[in-house]
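The values are calculated or read from the model by the stated rules, or taken from the named source; none is laboratory data. Owing to the predicted nature of the structure, the values given are computational and were not obtained by experimental measurement. Quick reminder, even Gly has a Cβ in these numbers, built from the backbone with ideal geometry, and neighbours come from all protein chains shown.
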């Protein structure tokens, strides 16, 4: 696998214990416990981690800043929502953290549904929601790369705005990468023109192949004026010492999910976005697609990244991830529970097979 691929993990950032079957310890979201995970990521070959967001969870940016302060190489992929942040406020906060962490900030812009009224926000229909996201992303990037920015937009306005401290250009990195997800037509138009990295859920290879081709074509037709769009995969990876043990554990976990005894697996099932519905529809094609893409979890409550799992030995899962990379995917966000145990296991067993 090309050395250009990057591997991140996931930090759930949840006040409730037992997220997706994690160990339900009382101090699961203490700074000490989360720092142990972040340092384990550094020690076991990971680049960093996506940090979950949503009203009712600890503030994502605050947690990212705290973990950046306690680590040396850990790169937080900070999930943020337009409307929770104004572009200039966010651009300044991110530029400050990027300065303090020596360029370790990454950003995941989320447009999914949330308890908007709880923090004084409101949105219109899908078209309005993605129009606002597009404006947010473009303005944040301008504030990071230009000075004295004045914009009178439909959703956001600034006058004579210069963010300090300035983002330091580091090689080809002009600013923190903007990751983005979404599978609807409106979302893909935003990704094609504004995102640095488009994230996919764990779809079969053919679905990812089609979406990459469509997004590249959209970028050409919409006159994308940024470097070429990059692609990422966010998926659960269930890795064991042998193929047989992995499948036995996967099937046992799904059986518990079917009985309603598998802890909190419902965190993406409150509203079905287009991308989530695409994943749930995969189960109709069979419980196992491609070589080892397990769709059964989606039938029993697995949502988001836990809807489909890559299951097998480290060699099995590495082989499947290489096939995604052959399609053009270079950013991978993996996870399984218990989180700390799997950071270590997959860091030691899986990542060396991918760093050829």
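Computed quantities for the displayed model
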quantity: One residue from 176, 165 being at pLDDT 95 or above and either assigned to a helix (DSSP H, G or I) or under 16 Å from the mean Cα position of the chain (by Cα) (or both); calculated: 176
quantity: Selection count where residues are out of contact with any strand residue (DSSP E or B) (no Cβ under 9 Å at 6 or more places or on another chain) and closer than 21 Å to residue 45 by Cα, scope the range 301-317; calculated: 1
quantity: Filter result for the condition that a residue is crowded, with 22+ Cβ neighbours inside 10 Å and under 17 Å from residue 181 (Cβ atoms), over 202, 207; calculated: 202
quantity: Top-ranked residue of the range 298-311 - restricted to ones that are at negative phi and more than 19 Å from the chain's Cα centre (by Cα), ranked as surrounded by the fewest Cβ atoms within 10 Å (Cβ to Cβ); calculated: 299
quantity: When residues of the range 101-111 are limited to those that are assigned to a loop (DSSP other than H, G, I, E, B) and surrounded by 15 or more Cβ atoms within 10 Å (Cβ to Cβ), the one farthest from the chain's Cα centre (by Cα); calculated: 101
quantity: Residues within the range 234-255 that are touching a helix residue (DSSP H, G or I) at 6+ places or on another chain (Cβ under 9 Å), part of a helix (DSSP H, G or I) and at pLDDT 95 or above, tallied; calculated: 4
quantity: Unique residue being assigned to a helix (DSSP H, G or I), crowded, with 17+ Cβ neighbours inside 10 Å and at pLDDT below 95 when the list is 191, 186; calculated: 186
quantity: So residue 98, is it out of contact with any strand residue (DSSP E or B) (no Cβ under 6 Å at 6 or more places or on another chain) and surrounded by fewer than 15 Cβ atoms within 10 Å (Cβ to Cβ); calculated: no
quantity: Residue that is surrounded by the fewest Cβ atoms within 10 Å (Cβ to Cβ), among those in the range 312-333 that are on the phi < 0 side of the Ramachandran plot and in a strand (DSSP E or B); calculated: 330
